[in-house]
Every structure is written in structure tokens, then in C-alpha cells.
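Below is one structure; the comments refer to it alone.
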Amino acid sequence: MTGERLLVVDDEAVDRDWLSAALRGRGFDVREAADAAAGLAQFGEQQADLVLCGLQTANPAGASMLEVLSRDAPDTPVIVVTGASGVADLVRALRLGAVDYLTKPVADPDMVVHAVAAALERTRLRRENSQVKQQLETANQHLREHVEELQQDHRAGRQVQLGMLPPSPMAIGDIRLEHRIIPSLFLSGDFVDYFRITDHHFVFYIADVSGHGASSAFVTVLLKNFSRRLRREYRPRMLGEPSEILRWLNQELLESRLDRHVTMFLGVIDSQSDTLRYANAGHFPAPALASDGRARYLELPGKPLGLFEDLRLESARVELAPGFALALFSDGVLEVLDEENLAAKEARILESVAAAGANMDALCVSLGLDRELEAPDDIACLLVSRVPG
């Protein structure tokens, strides 16, 4: 770490001391405050690069501090540390301007450092691009005046959405994962994630939430939280039966009562046996698996998540060739292809995946996703391939 200034605000001394010690141990310059008023006073004297703010549902002071920071220092990222675990409390924190959250009790210093480092990195990249953004802001001023009310509801959700995406590209063993997200005008629920779950297993998925707007975007927050829980709470049987993971998530979505359903393709790769086990909850188009210059769809029936209590899903298995490439798309890709009918569009996707193989740039060029698009829906592409030896 490079000594960035952090401000830790929490009225619980034990939690405040633990967070401060964990961050100082990683080289951060940490200031502390016991309550919101003291925190705002310290921030006014010397602005911090990042604020960790304890948010108690029963105490409005933390929420007020979030509102002030969001208004007066919008470029300063705020991470909420809360004992609340309900979706409503999480949505409330995000609406008030938080970029991430940690749930008490926080027992792992690495989790805190990772959240802080990720938020600081996103802020650094935003500042580097500020000149370009300013030019775009000027050009779009008249448009923003007409859609400002809509953007106010969406801004926090979009910022958190993009920040929750995994690194791209990323290698897990000899497997390379890379994604592209082409956003539409409105918030949408296209989301991808991938992560190691055992020494020789890792999970990846692509998901598309129904509808647009903040409520759909908040479902992607739930998906990211589910990824974290899956890494901690998975059962070994799930690695061989990914449909069990999707049924678990289906129950979570039903209980959330967010009135959104989700299509998802989820895969588990076993690097020891070179196999992919997968399940599909109504996601279309099906993933395209390519090797030796040929491609085919991994078609598997299934219904979307979040609609049915008694959801029945299947799991399937396929062996992975040495030079395989697996391309997954959200259905937004079908809306920008020029072919006249669905069969022709599906054929073009197969041809492009077979020709591009593990080359994401070539795949995007072949499908016309390299140009500036005004797409009616978000387009997500996830490419999973074996890194050449």
C-alpha cells in the first residue's frame, strides 16, 4: 500500500479499533472518529481518500453522514460497515451513496483490505479519465437535464455494478477468463462472475435480470453477495451438480421479493479431470463451445430463477479439449446482429466463436461488438478458454 489516508468512523470502539489496526498493518494512514459529527469535522480539516462508515439501522447519524459525503465529496468512496444483513438495508446504503459494504462481524483483515484497495483503484481510474469524462459531460449536458431525475436513481447502482465485476482478463490455473460489458442507456441486470472455490475447482456464470432500472441492478448486488456466500457455504456435492447451486439461488430470489426473475448459465470446471459441469436456468443463447475450429451449443433445458418454488433443473458434463474456448452471451447480442431471423443469428455466433477461439478481440470484431453501439439492452460476453502452454 502507498499510505492513502483513510477515515474510520464507528461508534463501537472495538470494531473501530480492529478496523484501524488491520488497515494500519497494511500501510494505510488511518484517522479515527467515534461518531458521525466527529468524522465530518475531521474530514473537513483534512479530506480522506476513503471513508469507512459504521451504519446502524437504528441510528440515523450514519445515514446523515453518508448523505453529506455524497453531496459535498462525491469523488470520495465510502464503504459501509453494517450489522444489518437484509436486502432493504443494503439497498438503503447504496441509495445514500456507498460504493461497497462489509457485514459485521468482519473477521478477515484481507477482506477489509481487498474492499478498500478495490474502491481506491476504481477512484484512481475515474480520476485519470476525468478529462475525457468532462468532455462527454459537456456534450451531453442538454440530454442530462431531461433525464437527470432518472439518472439520480441509477447512478449509485451503476457505479456499484461495474465495481462488482471480477478482473478481466484473469487466469485461474491454465484457464483464462475475460468479459466485456457493453451498457445500454438504462441500468440493466447483465452480470458475470468467476472465482476459485477449491484448489482445483472454480465457478463461473453469466446472468441476465429481467427488466431495467434500479430494482434490476440491485438484484446483481444480491448475485454478488451470493457468490461470496457460495465460496464460504458450498457443499461438495454442488461441484458435481451445479443445478443444486441454482436451486439454492432460486430460493434466495424468491425470499427477497424483489419481483425480478433471472436467467443464468453456471459452470464448474474441474482442472484435475478437465471437465465442465454445468446447469442452465433459462439462459439464452446457450453457450458455444469451440475446439479444433468447430463450435457447438451446450443446450440444456431449464426455467428462470425467482419464479417457481419447485424448480427442477438438470446438470450436465462435458470434457474439455486442450485448446477449448467457451463463449457465453446475454440475449442483448441477438438484438444487434444484422441477420433477419434467429436461426441465422445463432449460426453467425457459432461461426464467430469457432473462428475466434480464445481471442476476445477477434470475437467482438466478428460480431460487430467492437464499435460504439446504441444497444436497446446491455450486452455481456464471457469467454472461458485454456491458456496455451
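Here, each number is a calculation from the coordinates, and none is a lab measurement. Please read these numbers as outputs of a predicted model, since none were measured by experiment. Here the Cβ positions follow ideal geometry from the backbone for every residue, glycine too, while neighbour counts run over all protein chains shown.
Quick one: 3J(HN,Hα) in Hz for region 334-343, Karplus 6.51/-1.76/1.60 with θ = phi - 60°, rounded, Gly and Pro as x.
Once rounded to whole Hz, the list reads 5, 6, 10, 6, 7, 4, 7, 9, 5, 4.
Using modelled amide H (1.01 Å from N, peptide plane; none on Pro or chain starts), what sits under 5 Å from the amide H of ILE206, excluding residues fewer than 5 places away?
PHE265
By count of other Cβ within 10 Å, fewest leading, how are LEU223, LEU125, LEU305 ordered?
With the sparsest Cβ surroundings first, the list reads LEU125, LEU223, LEU305.
Arrange the peptides 21-27, 288-294, 190-196 so that the one whose residues have, on average, the most other Cβ atoms within 10 Å appears first.
190-196, 288-294, 21-27
In whole percent, what relative contact order does region 5-128 give with Cα contacts below 8 Å and a gap of six or more residues? Kindly include the intermediate steps, with their values, before the conclusion.
Details: 182 pairs, mean separation 29.3, N = 124.
Contact order relative to length: 24 percent.
Which three numbers, in whole Å and largest first, are the semi-axes of the equivalent ellipsoid of region 5-128 derived from its Cα gyration tensor as √(5λ)?
Equivalent ellipsoid of region 5-128: 18, 17, 15 Å, largest first.
Report the calculated FRET efficiency for ARG317 and ARG71 (r = Cβ-Cβ distance, R0 = 51 Å), to the nearest 0.05.
0.45
Tell me, what is the FRET efficiency for GLU309 and ALA37 to the nearest 0.05, using R0 = 56 angstrom and their Cβ-Cβ distance as r?
Efficiency, rounded to the nearest 0.05: 0.70.
Which of PHE284, PHE324, PHE204 comes first, and how do the rest follow, when ranked by fewest Cβ neighbours within 10 Å?
PHE284, PHE324, PHE204
Dipole of region 5-128 (Lys/Arg Cβ +1, Asp/Glu Cβ -1, origin at the Cα centre): which of TRP18, LEU96, GLY39 lies farthest to the positive side?
LEU96
Residue-wise, which Karplus ³J(HN,Hα) couplings in Hz belong to region 100-106, taking 6.51 cos²θ - 1.76 cosθ + 1.60, θ = phi - 60°, and x for glycine or proline?
Each residue of region 100-106 in turn: 6, 8, 10, 9, 6, x, 8 Hz.
Assuming a viscosity of 0.692 mPa s and a temperature of 37 °C, what translational diffusion coefficient in µm² per second does Stokes-Einstein assign to region 160-386, Rh being the Kirkwood radius over Cα pairs?
187 µm²/s
So what are the ³J(HN,Hα) numbers for region 274-287, from phi and the Karplus equation (6.51, -1.76, 1.60; θ = phi - 60°), rounded to whole Hz, Gly and Pro as x?
6, 10, 10, 10, 8, 8, 10, 9, x, 7, 9, x, 5, x
On a full-extension model of 0.36 nm per residue, what is the gain between ASP338 and LEU254, subtracting their alpha-carbon distance, rounded to one decimal in nm? Can you show the working numbers first?
Numbers: separation 84, 0.36 × 84 = 30.24 nm, distance 3.70 nm.
In short, 26.5 nm is gained.
With +1 on each Lys and Arg Cβ and -1 on each Asp and Glu Cβ, and nothing else charged, work out how big the dipole of region 230-326 is about its Cα centre, in Debye to the nearest 20.
That gives a dipole near 80 debye.
Taking a point 7 angstrom from the Cα of ARG127 along the C-beta vector, which residues in region 4-44 have backbone N less than 17 Å away?
Residues 4-7, 28-31, 43-44 fall inside that zone.
Once amide H atoms are placed 1.01 Å from N in the peptide plane, what residues at a sequence separation of 5 or more from GLU32, or on another chain, have their amide H within under 5 Å of its amide H?
Placed amide hydrogens put VAL8 under 5 Å from GLU32.
With a 10 Å Cβ neighbour count serving as the proxy for reagent exposure, in which order, fewest first, do VAL365, VAL91 appear?
VAL365, VAL91
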